[in-house]
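Handing you this structure, nothing more for now.
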4 protein chains.
Amino acid sequence: MSAGLLVSCAGMETPSRIVPNSQGNCLGSTNALHGNQLPPMIAPTPLHTPSDSTSAEESEGPMMSPTMGFSMTPCIPSTAEYAGPYGFQLCFQQSSTAKSATWTYSSELRKLYCQIFKTCPIQLKLVLSPPVGCLIRAMPVYKKAEHVTEVVKRCPNHELGRDFNEGQVAPPSHLVRIEGSSVARYMRDGESGRQSVLVLYEPPQVGSEHTTVLLSFMCNSSCVGGMNRRPILLIISLETHEGQVLGRRCFEARVCACPGRDRRADEEGARRGRGREGAFRKTCRAGPLSMQVSRRRRLAPPP
Amino acid sequence: MSAGLLVSCAGMETPSRIVPNSQGNCLGSTNALHGNQLPPMIAPTPLHTPSDSTSAEESEGPMMSPTMGFSMTPCIPSTAEYAGPYGFQLCFQQSSTAKSATWTYSSELRKLYCQIFKTCPIQLKLVLSPPVGCLIRAMPVYKKAEHVTEVVKRCPNHELGRDFNEGQVAPPSHLVRIEGSSVARYMRDGESGRQSVLVLYEPPQVGSEHTTVLLSFMCNSSCVGGMNRRPILLIISLETHEGQVLGRRCFEARVCACPGRDRRADEEGARRGRGREGAFRKTCRAGPLSMQVSRRRRLAPPP
Amino acid sequence: MSAGLLVSCAGMETPSRIVPNSQGNCLGSTNALHGNQLPPMIAPTPLHTPSDSTSAEESEGPMMSPTMGFSMTPCIPSTAEYAGPYGFQLCFQQSSTAKSATWTYSSELRKLYCQIFKTCPIQLKLVLSPPVGCLIRAMPVYKKAEHVTEVVKRCPNHELGRDFNEGQVAPPSHLVRIEGSSVARYMRDGESGRQSVLVLYEPPQVGSEHTTVLLSFMCNSSCVGGMNRRPILLIISLETHEGQVLGRRCFEARVCACPGRDRRADEEGARRGRGREGAFRKTCRAGPLSMQVSRRRRLAPPP
Amino acid sequence: MSAGLLVSCAGMETPSRIVPNSQGNCLGSTNALHGNQLPPMIAPTPLHTPSDSTSAEESEGPMMSPTMGFSMTPCIPSTAEYAGPYGFQLCFQQSSTAKSATWTYSSELRKLYCQIFKTCPIQLKLVLSPPVGCLIRAMPVYKKAEHVTEVVKRCPNHELGRDFNEGQVAPPSHLVRIEGSSVARYMRDGESGRQSVLVLYEPPQVGSEHTTVLLSFMCNSSCVGGMNRRPILLIISLETHEGQVLGRRCFEARVCACPGRDRRADEEGARRGRGREGAFRKTCRAGPLSMQVSRRRRLAPPP
DNA sequence: GGACATGTTGACGTACATGTTA
DNA sequence: TAACATGTACGTCAACATGTCC
Ligand SMILES: [Zn+2]
Ligand SMILES: [Zn+2]
Ligand SMILES: [Zn+2]
Ligand SMILES: [Zn+2]
C-alpha cells in the first residue's frame, strides 16, 4: 500500500510516460475504505501494479496520498488520490464512442476529453454514508510542474465575453462549473487565488448507485491567454462543511472541440510510445509568435 | 402552504429544476400577510453560508436573495412573491380540463397555458382593503437567466400586422393586454424599455370574493423573432398610484395553440423527471437556420 | 494597365470573384493622374443599365458606384482607387518568396500576407509634389459586405495583454501601426469609431524613387474575438492636413503565421477557380462552438 | 403539338393531381428548337401524353405555351414552358439523395426542394447561341389560382431582419436571389410590383455543357406572413436585352428545412394518390389562429 | 519548412416541438 | 382531438484552416 503514487500518475509530471493502468472507468474501487487497499484490477491486462514499483517516488498507479486530508504546500493543491474514511470513489458513465461525442473518458489514459460549454456527468460513490452537509469540490490545476503554481482561469476572451456570463451565477473567470439541481457555490481561495466550485453532496437517488455531478468547462485547453494548450488535472474532493478533506480523486482533463478525435490520437500516440503531452512548447523560446513575450509575465502579473 | 414557495418555483431560474410544490390554483394563501417568511431552501440540506466557513475562501458570484418591494437591479424586475401589507393573492378559476380549452392552469407546475389572442381570467384577492387608486400591473419577463435582461415584446410579424392592432388602444408591440371594463394603460419604462399594462384595482363585485382581470397575450411563446420558444414569467403586482409595490405574484405563462396538449406533455415530462423547459436551445450552438445572424454582432457588440 | 482596376478587384466585394488582373507590385501606375477612368466592368459583356430598359421595370438595390475623393456613406470608408491630382501610387518591394518570409505580396491576388507584429514596408510614389504637410493614412476595413460596417479592431486577448502595449504610443486596440522615423498619430473617428494611423508624408530620400512606410499589424487575421478569419482591406490614402483625400490605394491584407504558405495556397486555389475567400462561415449557420452568444442579441438588437 | 399544357402541369393549378411525367432532371430536351416538338419521353412509364388529352385547357404535361414570348395577362406572368428560337432548356444536377440535403430535385414531381439561404445550382443549356447580351430572369409566382395574383415576397420577419440584408446588393424584400460570378440585378415591375432577378447569360465554360446559375431563396415556403405554406413556381426565362422572352422554363419550388424528408413525403403521397399540395387551408375559415384575419387584407394592402 | 495540433465549417440524421388542418 | 406539417435542437463526421513545434 504505497501512498502518493497518484501524484505522479495523473499528477505532477514525472518524466512523461503514459501508463495505461486503470481498471475501467472508476477511480478508487469499492472495498477501499480508509487506508486504501489496492483496488482490484478489473482491466483485462493490468500493467504493472504499484507493488512492482521500486520507489514510492517514481512508481505510478492510481493510489493514495501521503498527505491525507491536507495539502502539503499551501499553493499547490494535492492531487493525491485518497479514498478517505468513507471510501470516496469517482467514475464515468460509459462514454460515447463517437468521434465527436461531447465528452469521452479514456480509462487507459485516465483522461477526460470534453467539449467546451457542454456538461459532462461524473459519478461519485461513497462506501459509507458521510455526515450530513458534506460538500463536493472541483478544482483545476495545471499538470506540468512548470505551470502548477499558476492558477487555472478562463482566458480573457471568454472571461470578458457576454455569452455564458451574463446573468449566470458562476463568476466569469472560473473555468469549471457545476450544473444541475443542487446550487453551486463558486469559491476563490484568499491566499492562493485558486478557484473552485462547491456543491452539497447528495446521496444517490433511490435505485441508483451513484451521485451524479454535472461538470462543465468554460474554456478550451487550447485557449490562448488562458490554459494555452497546457494540460490540467481536475481535483474532485469530498469535504466536510469546515473544509476538511474526506476523500480526493483526480484525473486529467482536456477541453477541446473534438474529444473523440483527440482521445483516439492520444491513445495511439501512447501505444506507440510517443507521448502527446499537450503541445505547449517544450523548448524555452520566447513564446509563440502571436503571444510574443513570455507568458508567465503576462498571465501572472505580480500581485 | 407557504406563500413564499413560488420564489423558488417560478422564480428567477435557479439551476433548472421544477419543484412541484404548489397548492391548488392560488398563489399566496390567506395566512401570509406582510413579511412572506423566507422561502425554504430547495436543497434538502442547506449549504453552509459564507460566514460558516473556516477557510480563507470567499464565495464568488451573485447570490440570489429575495427582494421585497423593490427590484435589485433596475433592469431586472423582481419576480419574488410578496403578499404585502394587504395580503395580495392571485388565483385561477377552475380551468377547463378539455384539451381544446383556450386556457388552462397547472398548479402542479404553477404555469398558465393560454391561446394567443384569447382572454384568460385571473382572480385577485386582498385580505385587507387597499387605499383607493391602487393599480394592478402585468409585466412579462423571460424566465431563464440568459434572457432575463431582454425585454419581452411581440414578434415583428405580429407587431406589424394589422389584425388586433388597428384601432386598438394597446400599442402593437405589447405582448400582454388587459381587456374588460376598466380602461387599461400601456406603459413603457423609459430606462429599461420594459412594457407593462396597468388597470385600476377594483374591489370584488358584491357577492364575489375576487376581482377578475382579463389577460390576453398577443404572440405565441413560439413566435419566431419574438419570444421564440423561450419561457416567460408574468409578474402581477399591486401598486400604489405612485408605483410603490404593495404585493406581487408571479407565474410562468406559455402562449400556445394547444394549451391542453402542452400542459399534459409538461406534466408528464415533469413527473418522469425530464424537464421540458422550453425548447429554446440549451447549447447556444447554432441559431435556427431560418433566423441567422452575421457573426459580427456576436463578436463585437456595439460599443 | 489601368489604375482603376483595383476597384473591382479588391473593392467592396462585388459578388465574390477574384479577378487576377494586376500588373506587378504596383497599385496605380504612372499614367493615371487625376480622373481614374472608370474601371472596366468585370462581366464580359456589360449588363444593360436601367436607362436602356424598355419595360416599366425599375432596378432595385444599392448600385455600386466608384466614389472619388469622398466616401458615400459616412460609416463605410471608400475603397475606391484614386490617383488624385498628384498621381498617388503604392507598391511593394520585391518580396521574399521564401515560405518563411515575414511578409509577401501577391500581385496576382493584390493581397499582402504579413506576420503579426512584423513590419512590412510599403512604397509610396507621387507623380507631382504635393503641398507640404500632407499626411498618409492607413485604415483597415472588412472586405465582405456583411462585415464592412464593423470597425476593425484588435481582439480582446491582444488588446488586453501587456506585450506590445505597455509603454507604446499606439493605443492597444489599434490593429494597424506605422513604425519608423516619422511620429505616427493614432486616430479614432468620433462618429464611426473607425481607427486609423497617420504619418506625415515625406518625399523620397535623395536617390530613392519612393517613400517607404513601415506597417505592422497587431493581430492575426484569424484572431478569435477580433478579425476572426474575416478578410480585410487596407486603405492607404494621401490627405491634406485638413483631411481632404488627395489619393487613395487599397489592397487586401492577411495577417498570418505563414505568409508564404498561405499565399501559395491562395494562388493555387484561385487558379483552380476555388476561391479561398477567408474561412469565415458562408452560411452564417452556427457560430463557432467556442464563441457562442445568447440568442438575445440576435433576435432583439438593442433599440 | 399542343401549347399551353405546361400551364396546368407545373402551372396554374388544375384540379390538383400530380402527374409524374418528367424525363429526368431536364425541362425541355435538346432537339426542341423553336416550335417545341414534344420532348422525348425518357421516363420509364410516361403516363398520358398531351395528345391523349381531350382539351387543351385540361390536358397536362410538360409543354409549350400558347403565349409564346409574351404573357397573356399583365399581372399574371406566364408559366408556360417555351423552348424558344434557341432551344432553351433547364436541368438540375444529380441532387443529393440525403434526407437533409440542402437541396434536391424530384423530376417525378417537377419540384425543387431547397433549404432557405442555401444556394441551389440550376443548369441552363441553349441549342443555338443566342445574341450577345441575353439575360436570364428568375421570378417566383404562387402556384394556386387563389394566390396567383399576389406578388411573392419575403415575410416581414425576414425582410426586416438584419441578417442577409445588411450590406447586400439584393433588396431585402426579394425572395429569390442569384449568387455567383455574374452581377445580379434585382428588378421590380412598376405595374405589377412583381420582383425578379436578372443575370447576364454567359455561355457554358469550355468543356462544360451547361451554364450554371446559383439560386437562393430567402424565406421558407412556410414563412408566416410571407408565402405561408403556399406553393410557388419559379419561372426561369431567357430574354433579350429589351425584355423579349426567348425561352421559358418553370418548376415548382419548396423552400423548407428538410428537403429530403419533404420530397420523400411528397412522392409517397403522390403515389398513394393523396396529393400533399401545400398545407395551406383548403377550407375557408378566417385563417390560422395566430394570423386571425384573412391574410389577403394584411399582406396586400390596397396600393 | 514539414509535421502537427486543434478549432471551424457545413452537411447530415434523429428526435422533437409546436402550429394547422380537418 | 388526432393527424399532420414543418421548423429546431443537437449529435455526428469529414475536410479544412491555421497556428505552433522543432
Ligand atoms: Zn477561453
Ligand atoms: Zn408573434
Ligand atoms: Zn489578436
Ligand atoms: Zn420568411
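Which of the following residues is within 13 Å of ligand 3 (Cβ to nearest atom) and modelled with pLDDT of 95 or more: C:Phe217, C:Phe251?
When all the criteria are applied, what remains is C:Phe217.
Right, C:Glu146: under 16 Å from the mean Cα position of the chain (by Cα), modelled with pLDDT under 90 and more than 16 Å from ligand 2 (Cβ to nearest atom) or not?
The answer is yes for C:Glu146.
Could you give every pair whose Cβ atoms fall below 8 Å, whose first residue belongs to region D:130-154 and is within 13 Å of D:Cys250 (Cβ to Cβ) and within 12 Å of chain C (Cβ to nearest Cβ), and whose second residue is of a type outside the set (A, V, I, L, M) and away from DNA strand F (no atom under 16 Å from the Cβ), counting only separations of at least 6 or pairs across chains?
Partner pairs satisfying both residue conditions: D:Arg137/D:Ser196; D:Arg137/D:Ser237; D:Arg137/D:Glu239; D:Met139/D:Pro77; D:Met139/D:Arg194; D:Met139/D:Gln195; D:Met139/D:Ser196; D:Met139/D:Ser237.
Of all residues in region C:107-119, count the ones that are within 24 Å of C:Tyr201 (Cα to Cα) and either open to solvent by 10 Å² or more (accessible area, probe 1.4 Å) or modelled with pLDDT under 95 (or both).
Residues in region C:107-119 being within 24 Å of C:Tyr201 (Cα to Cα) and either open to solvent by 10 Å² or more (accessible area, probe 1.4 Å) or modelled with pLDDT under 95 (or both): 5 in total.
Let me ask something else. Cβ-Cβ below 6 Å, separation at least six or inter-chain, first residue in region C:220-238 and farther than 22 Å from C:Leu27 by Cα and within 14 Å of chain A (Cβ to nearest Cβ), second within 15 Å of ligand 1 (Cβ to nearest atom) and open to solvent by less than 10 Å² (accessible area, probe 1.4 Å): which pairs?
C:Cys223/C:Cys155; C:Gly225/C:Cys155; C:Gly226/C:Cys155
Same structure, new question: Do the conditions hold for C:Gly133, that is, is it away from ligand 2 (no atom under 16 Å from the Cβ) and in contact with a Gly (Cβ under 7 Å, 6 or more places away or on another chain)?
No.
Do we find that B:Glu159 is within 11 Å of ligand 2 (Cβ to nearest atom) and of a type in the set (Asp, Glu) in this structure?
Spelling it out, B:Glu159 is indeed within 11 Å of ligand 2 (Cβ to nearest atom) and of a type in the set (Asp, Glu).
Another question, then. For residues that are at the interface with another protein chain (Cβ under 8 Å from one of its Cβ atoms), under 20 Å from A:Ala138 (Cα atoms) and free of Cβ contacts under 8 Å to residues at least 12 places away in the same chain, tally how many sit in region A:158-175.
1
For region D:87-106, give me each residue that is within 16 Å of DNA strand E (Cβ to nearest atom), in a loop (DSSP other than H, G, I, E, B) and either more than 14 Å from chain B (Cβ to nearest Cβ) or open to solvent by 50 Å² or more (accessible area, probe 1.4 Å) (or both).
Of everything in region D:87-106, those that are within 16 Å of DNA strand E (Cβ to nearest atom), in a loop (DSSP other than H, G, I, E, B) and either more than 14 Å from chain B (Cβ to nearest Cβ) or open to solvent by 50 Å² or more (accessible area, probe 1.4 Å) (or both) turn out to be D:Gln93, D:Gln94, D:Ser95, D:Ser96, D:Thr97, D:Ala98, D:Lys99, D:Ser100, D:Thr102.
Can you confirm whether D:Thr211 is within 13 Å of chain C (Cβ to nearest Cβ) and closer than 13 Å to D:Ile122 by Cβ?
Yes: the conditions hold for D:Thr211.
Filtering region D:194-208 down to residues that are over 14 Å from D:Ile122 (Cβ atoms), under 20 Å from the mean Cα position of the chain (by Cα) and not aliphatic (A, V, I, L, M), which residue is nearest to ligand 1 (Cβ to nearest atom)?
Ranking the qualifying residues of region D:194-208, first place goes to D:Gln195.
Which residues, taken from region A:239-253, are in contact (Cβ under 8 Å) with a residue 24 or more places away in the chain and either more than 14 Å from every other protein chain (Cβ to nearest Cβ) or not in a strand (DSSP E or B) (or both)?
A:Thr240, A:His241, A:Gln244, A:Leu246, A:Gly247, A:Arg248, A:Arg249, A:Cys250, A:Phe251, A:Glu252, A:Ala253, listed by residue number.
Okay, next question. Out of (1) within 16 Å of ligand 1 (Cβ to nearest atom); (2) within 24 Å of A:Ser290 (Cβ to Cβ); (3) at pLDDT below 90, what's the single condition that is false for C:Cys223?
The number of the failed condition is (3).
The values are calculated or read from the model by the stated rules, or taken from the named source; none is laboratory data. Being a predicted model, the structure only gives us computed values, none of them experimental. Please note: Cβ atoms are built from the backbone with ideal geometry, for glycine as well, and neighbour counts cover all protein chains shown. SASA here: full protein model, heavy atoms, side chains in, ligands and nucleic acids out. Shrake-Rupley method; radii C 1.70, N 1.55, O 1.52, S 1.80 Å.
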